[in-house]
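Enquirer: The structure's right below; bear with me while I get my questions together.
What follows draws every value from the coordinates through simple rules; no lab data is involved. If you're wondering where the values come from, they're calculated on a predicted model, not measured in any experiment. Counting neighbours? That spans all protein chains shown, and the Cβs are built from the backbone with ideal geometry, glycine included.
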Amino acid sequence: MRGSDRPRIAILISGTGGNMDEIIRSCRSGQLEAETAIVISDNPDAPGVKKARSARIETFVSRYRKERPREENESEIADVIVKRGIDWIVLAGFMRVLSPGFVKMFRGRIVNIHPALLPSFPGAHAIRDALKAGADFTGVTIHIVDELVDHGPIIAQEEVPILPNDTEESLAERIHEAEHRLYPRTLQQLFHDDI
Ligand code: GAR
């Protein structure tokens, strides 16, 4: 709920959990006035799930099954979000496309981070795509999620230059640094009405 003292957030992850780590840390230090109520993953083997457990954050894993429609796969996640009284859903490397029904249910309360300057390079391989395209710079975008993929009102962006000798790994490292700086700061502004 916008404006509440310490909104309760659910962080959704599929992989490493680097952004998740920074958000949990920022909540604990008080730089981000919010409470990480739960970490949710579609991937039981995501290293981020292990990290969340060691940080003593409640975790919930909802395995996506190919034979089920997307809405069914999401319904367990939606139930947990409602039951835990979550104010904001924070996507941090959650590599599933959310259905229009899910977006409608939590409209305006889902935030995503993407490793490119949207609308350039949407999709799952944004860093590689920017490098392959021979771009001079790329960056990071934080946006509210709508029904389209990597799309919706942009609330923050930061440029990251692409250097002549960059590999996918070296560029990813600088993009992740920018993400870890920008995400907690932007969430603080968003939750406390400074945006
Ligand atoms: C981040 O770079 C995030 O921007 C990206 O996945 C990575 C997750 O890293 N998300 C997307 O590409 C969404 N389209 P993390 O698990 O270490 O936070």
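Enquirer: Through the Karplus equation 6.51 cos²θ - 1.76 cosθ + 1.60, θ set to phi - 60°, convert the phi angles of the range 31-41 into ³J(HN,Hα) values in whole Hz; use x for Gly and Pro.
Expert: Ordered by residue, 3J(HN,Hα) equals 5, 10, 7, 7, 10, 6, 7, 7, 10, 10, 9 Hz.
Enquirer: Given a cut-off of under 8 Å on Cα pairs at least six residues apart, what relative contact order in percent is computed for the range 1-151?
Expert: Normalised by residue count, the contact order of the range 1-151 is 22 percent.
Enquirer: Now for a different question. Could you name the lysines in cross-link range of Lys51, using Cα to Cα under 29 Å and dropping any fewer than eight places away on the same chain?
Expert: Once the sequence-local lysines are set aside, what remains near Lys51 is Lys66, Lys83.
Enquirer: Collect residues whose amide H, placed 1.01 Å from N in the peptide plane, falls under 5 Å from the amide H of Val160; neighbours closer than 5 in sequence don't count.
Expert: Here Thr138, Gly139, Val140 satisfy the definition.
Enquirer: What length, rounded to one decimal in nm, is gained on full extension from Ser170 through to Arg70, with 0.36 nm per residue of separation minus their alpha-carbon distance?
Expert: 32.5 nm
Enquirer: Can you run phi through the Karplus equation (6.51, -1.76, 1.60; θ = phi - 60°) for the range 140-150 and list ³J(HN,Hα) in whole Hz, with x for Gly and Pro?
Expert: 9, 10, 10, 8, 7, 8, 10, 6, 8, 7, 6
Enquirer: Once amide H atoms are built 1.01 Å from N in the peptide plane, which residues 5 or more positions from Val61, or in another chain, come under 5 Å H to H?
Expert: When sequence neighbours closer than 5 places are left aside, the close amide H contacts are Ser41.
Enquirer: Can you give me the long-range amide H partners of Leu12? Hydrogens built in the peptide plane at 1.01 Å from N, cutoff under 5 Å, separation of 5 or more residues or another chain.
Expert: Those lying under 5 Å, H to H, from Leu12 are Ile40, Val90, Leu91, Ala92.
Enquirer: I would also like to ask the following. Sorted from fewest to most neighbouring beta carbons within 10 Å, what does the list Leu117, Leu187, Leu148, Leu98 look like?
Expert: Fewest-to-most ranking of Leu117, Leu187, Leu148, Leu98: Leu148, Leu117, Leu98, Leu187.
Enquirer: Order these by the 10 Å Cβ neighbour count, fewest first: Asp42, Asp5, Asp79.
Expert: Starting with the residue having the fewest Cβ neighbours, the order is Asp5, Asp79, Asp42.
Enquirer: Sticking to Cα atoms, compute the Rg of the chain to one decimal and its Dmax as the biggest Cα-Cα distance, whole number, in Å.
Expert: 16.1, 49
Enquirer: Mean residue ellipticity at 222 nm from the helices of the chain, using -39,500 (n - 2.57) per DSSP H segment of n ≥ 4 over the full residue count, to the nearest 500 deg cm²/dmol?
Expert: Value at 222 nm, helices only: -11500 deg cm²/dmol.
Enquirer: In a shell of Cβ-Cβ distance under 13 Å around Glu76, excluding Glu76 itself, what net charge do Lys and Arg (+1) and Asp and Glu (-1) give?
Expert: Its environment carries a net charge of +2.
Enquirer: Compute the signed sum of charges (Lys and Arg +1, Asp and Glu -1) over the other residues within less than 13 Å, Cβ to Cβ, of Ala156.
Expert: -2
Enquirer: Principal axis lengths of the range 16-58 from Cα atoms, whole Å, largest first?
Expert: 30, 17, 16
Enquirer: Using the Karplus curve 6.51 cos²θ - 1.76 cosθ + 1.60 with θ = phi - 60°, what ³J(HN,Hα) values do you get for each residue of the range 119-128, in whole Hz, with x for Gly and Pro?
Expert: With coefficients 6.51, -1.76 and 1.60, one gets x, 6, 6, x, x, 7, 10, 4, 5, 4 Hz.
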